[in-house]
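The structure appears right after this line, and notes come after that.
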Amino acid sequence: MAPFTKPMPIFNDLKALATGLFVTWKHIFRRPVTVEYPDAKRTPYPRYRARIVLTRDPDGGERCVACYLCSAACPVDCISMEAAEGEGGRRYARWFRINFSRCIFCGLCAEACPTLAIQMTPDYEICERDVMELVYEKEDLLIDGCGKDPEYNFYRHAGIGVVNPRGGNPDEEPPVDVRGLMP
Amino acid sequence: MTDLTLDITIHLAKIALIFFVVLTLAAYLVFAERRLLAWIQDRKGPNRVGPFGLLQPLADLIKLLTKEDFRPPQADKWLFYLAPAMAAIPAILTFAVIPFGAPVRLLGREVPLQVADLNVGLLFFMALSSIAVYGVALGGWASNSKYALLGSIRGLAQLISYELSMGLSLVPTVMLAGSLRLSEIVAAQKGVWFIVYQPLAFAIFLVSIAAECKRIPFDIPEAEGELVAGFHTEYSGMRFGLFFVGEYINIIVLGGLATTFFLGGWHGPLLPSFVWFVAKTLAFAFFFIWMRGTLPRLRYDQLMHLGWKVLTPLALVNILATGWWLMIRELR
Amino acid sequence: MEPAIFYILAAVTVIATLFAIAEKHAVHAIVYLVTSFFALSVIFFMLGAPVVAVFEVIIYAGAIMVLFLFVIMMLDLGHPERARLPGGRDWWPALVLGAVTLAAALTLFVSRGPAASAAGKAIGVKEFALALFGKYGVAVEVISLQLLFALVGALYLGKRRNDRGEGGRRLGEGQSLLREERHP
Amino acid sequence: MIVPYEHVLVLAGILFALGLVCVMVWRLNLIMLLIGIEIMLNATMLAFVGGAARWGMADGQVFSLVIMAMTSAEVSLALAMVVYLHRRKKTVEADEFSELKG
């Protein structure tokens, strides 16, 4: 490198240092962006993903049909339930449990739910001293309202139960006898 | 009251005053650093304990005192217990030779505001700063942990390297003042501060003391992100607190020394001398915090390059130039 | 009062040195030795040599012993269980030689007795500096040349040569050591 | 001069003897050997400083400073040697390096 062909790099270095110091100096007097949480609370957006609830029909019945799709979709396996059948073949969950100490609030359960029963709410303040209190049972999860889609009613679209036995519907083949295919 | 008792009383009072003021300042420097860094980063910083968070140092102290005092089972017991003290004591001892105010008249006698006016005051400071290496080195070695060992080896190399440029940058001030006695160095700056004559030496000294007290652009010995916490990885509770408070005492002491050597010590118009000294020292502390909020950490090889290939030769050239200048002034 | 302090410091020096040479753990030995050097430096101060006292701390305690510590830490020599302890045959010549030297010192002590001490005046920094750079200016030059040679020699020894297998791989080790050596 | 010069000399003698014993006993360990040399040099310095105080001349102090400078040169070279030897044989025991023994 030939000397004196370009300005000495030390001046550039000093200028860079001074620039950096000036930037931080300006920031000292800038207004802090801190929200002092317990005193001042920020309103989250409506689609914020926090505490999970089970919603009800517009008629007041439970939406959940205990199909296990949310449990299967859950990446950390924090949802468990036991299915039961009411009169007329109406399925429901006998018990339904979400372990919030495991839940990562990814929202995959709400995506998976065919009946829009499981939904996420913006309520993010669910800390507990005792970890066992984070295991929410069905009574804790079930709310009275119908959540985000107030018009939706799964059983009104689908009907309850299967009317005829398998293959008995008009445009349906009889079931294949798997044993009959064997040599 | 005889003269001797009075002397001893005044000395003890000065020592107690220095202990109290320096320790309080160090504790509040931690708080000030957290607040200032927060402002630089557009945050608010600790403001919950007491008005404006002013009781935060007390809360920190209580927290540190009540924490578990843990010693790794494989550690070297005595050196592990000794190292934090070795780090903190030299820092506060250095204050013995710093004149922190003009002599005052007290009980009918002239009392210099300085604990010990050694005729080798500057060398005393150099000696103590070279002793401060042991706290870092032995603390890291005695922990018997690989991060701590790496941190302490880095610390050793860094402290020794920058001590050299620090000492060399102080030689011109000694040449100008004609004495190693700190009170005479301050007296020589009554008219013009040495920073006017020696801006280069001041810059070298500033960078070197930043490296000496392991502040952020030079915090290689404790680099979080590489070495967990460096040489004090294994320390907890009040032993860690001693390392920590030693670091902040070091900032105050080195700021006071920079004031003494280059900014005219306690000289200043209007206000009392003590206030001037504290104000200048705190300005240095503020500068260090500001630097911490601005600059990223150097790499190890960059640090060594800066110390050995830039600062030390520059300081040597500066000594030579000062010598020539003084000789020419003498001849005229 | 000052003689009493001198004797206490002398005792500290001797005991710390004794511990240092009896310690098989190199790092502990260095810590003891630093203690001994501290006491010795205060003795120097009391003997009216403040500059030597301070340089004892700066150079001996602050640089040379740190250099030892650095090498021990870097080469991982701080394992007393791995070190070979001196055997019995090593002790005898050492004890004999030490006893002879000690006896000579004690003879000196006994034969002359405490003579009246001359009132030597303390030597100030200025006087010391005049003697160092005036009368012994050549010695300073010689020493500086010697330091330069030591620097070059250490540089040569610390350099990793590439013709030996692993050369150049662990470069940082040798380099950082070299940088240490320039300090004293 | 706070104490008689003889007492200073006796202290220096004891320190020198201790250094000598250290060198003789720890012949195997290069590090301890160097430490012994340091102790002996310190004893010499003490004798010089005591002499300077006894006769009120700065010469003894100058000599102790020269000794210090010499020691730092010596130690830096010796430790560089130790590092070099450790790199060759992974040990610092003096007996391992006896290849030129006849």
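Things worth noting here:
- Tallying residues that are open to solvent by 20 Å² or more (accessible area, probe 1.4 Å), outside any loop (DSSP other than H, G, I, E, B) and over 15 Å from B:PHE287 (Cβ atoms) within the range B:196-221 yields 4.
- Of A:PHE100, A:PHE105, all but one fail to be farther than 25 Å from A:TYR152 by Cβ, within 12 Å of the chain's Cα centre (by Cα) and surrounded by 12 or more Cβ atoms within 10 Å (Cβ to Cβ); the exception is A:PHE100.
- Just one residue in the set D:LEU85, D:LEU15 is at pLDDT 85 or above and part of a helix (DSSP H, G or I); that residue is D:LEU15.
- Among the residues making up the range A:94-144, those that are in contact (Cβ under 8 Å) with a residue 12 or more places away in the chain, in a loop (DSSP other than H, G, I, E, B) and among the acidic types (Asp, Glu) are A:ASP123, A:GLU137, A:ASP144.
- Subset of the range D:44-57 that is of a type in the set (A, V, I, L, M) and surrounded by fewer than 24 Cβ atoms within 10 Å (Cβ to Cβ) - its residue that is nearest to the other protein chains (Cβ to nearest Cβ): D:MET57
- So D:ALA80, is it surrounded by 20 or more Cβ atoms within 10 Å (Cβ to Cβ) and at the interface with chain C (Cβ under 7 Å from one of its Cβ atoms): yes
- Residue match in the range D:1-8 (condition: within 21 Å of C:ILE72 (Cα to Cα), free of Cβ contacts under 8 Å to residues at least 12 places away in the same chain and not charged (D, E, K, R)): no
- Test: B:GLN56 is polar (S, T, N, Q), open to solvent by 40 Å² or more (accessible area, probe 1.4 Å), touching a residue at least 24 places away in the same chain (Cβ under 8 Å) and more than 17 Å from B:ARG181 (Cβ to Cβ): no
- Residue satisfying all of: in the range B:146-166; touching a Gly at 6+ places or on another chain (Cβ under 9 Å) and open to solvent by 10 Å² or more (accessible area, probe 1.4 Å); farthest from the other protein chains (Cβ to nearest Cβ) among these: B:TYR147
- Members of the range C:21-36 found to be within 22 Å of B:ALA127 (Cα to Cα), open to solvent by less than 60 Å² (accessible area, probe 1.4 Å) and either at the interface with chain D (Cβ under 7 Å from one of its Cβ atoms) or polar (S, T, N, Q) (or both), listed by number: C:ALA29, C:LEU33, C:SER36
- Put simply, of A:ALA112, A:ALA72, A:ALA93, A:ALA66 the only residue that is surrounded by fewer than 16 Cβ atoms within 10 Å (Cβ to Cβ) and modelled with pLDDT of 85 or more is A:ALA72.
- Residues being buried (at least 24 other Cβ atoms within 10 Å of the Cβ) and hydrophobic (A, V, I, L, M, F, W, C) - total across the range B:167-176: 1
- Verdict on B:GLU247 being more than 20 Å from the chain's Cα centre (by Cα), at pLDDT below 90 and crowded, with 16+ Cβ neighbours inside 10 Å: no
- Near pairs, Cβ below 8 angstrom, 6+ apart or cross-chain, from the range B:276-303 (facing another protein chain (nearest Cβ under 10 Å)) to any residue that is open to solvent by 60 Å² or more (accessible area, probe 1.4 Å) and assigned to a helix (DSSP H, G or I): B:TRP290/A:TRP25; B:THR294/A:VAL23; B:LEU295/A:LEU17
- Selection status of D:ALA94, more than 7 Å from chain C (Cβ to nearest Cβ), in contact with a Lys or Arg (Cβ under 9 Å, 6 or more places away or on another chain) and open to solvent by less than 50 Å² (accessible area, probe 1.4 Å): yes
- Residues that are more than 17 Å from B:VAL253 (Cα to Cα) and among the β-branched types (Val, Ile, Thr) were ranked within the range B:1-37; the one that is surrounded by the fewest Cβ atoms within 10 Å (Cβ to Cβ) is B:THR2.
- Subset of the range D:25-37 [touching a helix residue (DSSP H, G or I) at 6+ places or on another chain (Cβ under 7 Å) and of a type outside the set (Lys, Arg)]: D:VAL25, D:TRP26, D:LEU28, D:LEU30, D:ILE31, D:MET32, D:LEU33, D:LEU34, D:ILE35, D:GLY36, D:ILE37
- Just one residue in the set C:SER144, C:SER117 is modelled with pLDDT under 70 and polar (S, T, N, Q); that residue is C:SER117.
- Residue match in the range C:77-98 (condition: at pLDDT 80 or above, open to solvent by 10 Å² or more (accessible area, probe 1.4 Å), facing another protein chain (nearest Cβ under 7 Å) and farther than 30 Å from B:ALA142 by Cα): no
- Within this structure, C:ALA11 passes the test of being surrounded by fewer than 19 Cβ atoms within 10 Å (Cβ to Cβ), part of a helix (DSSP H, G or I) and modelled with pLDDT of 85 or more.
- Checking each residue in the range D:12-31 for being open to solvent by less than 10 Å² (accessible area, probe 1.4 Å) and facing another protein chain (nearest Cβ under 7 Å) picks out D:LEU15, D:ALA17, D:CYS22, D:VAL25, D:ILE31.
- Considering residues of the range C:15-70 that are in contact with a helix residue (DSSP H, G or I) (Cβ under 7 Å, 6 or more places away or on another chain) and not in a helix (DSSP H, G or I) only, the residue nearest to D:LEU20 (Cα to Cα): C:GLU23
- Scope the range B:73-120; condition within 15 Å of the chain's Cα centre (by Cα) and not in a loop (DSSP other than H, G, I, E, B); matching residues: B:MET86, B:ALA87, B:ALA88, B:ILE89, B:PRO90, B:ALA91, B:ILE92, B:LEU93, B:THR94, B:PHE95, B:ALA96, B:VAL97
- For the range A:23-38, the candidate set comprises residues that are part of a helix (DSSP H, G or I) and at the interface with another protein chain (Cβ under 9 Å from one of its Cβ atoms); within that set, the residue that is most open to solvent (accessible area, probe 1.4 Å) is A:TRP25.
The values are calculated or read from the model by the stated rules, or taken from the named source; none is laboratory data. Bear in mind the structure is a predicted one, so any value in this text is a computation, not a measurement. Cβ coordinates were reconstructed from backbone atoms using ideal geometry, including for glycine residues, and neighbour counts include every protein chain displayed. Quick note on the areas: whole protein, heavy atoms, side chains included, nothing else; ligands and nucleic acids left out. Shrake-Rupley method; radii C 1.70, N 1.55, O 1.52, S 1.80 Å.
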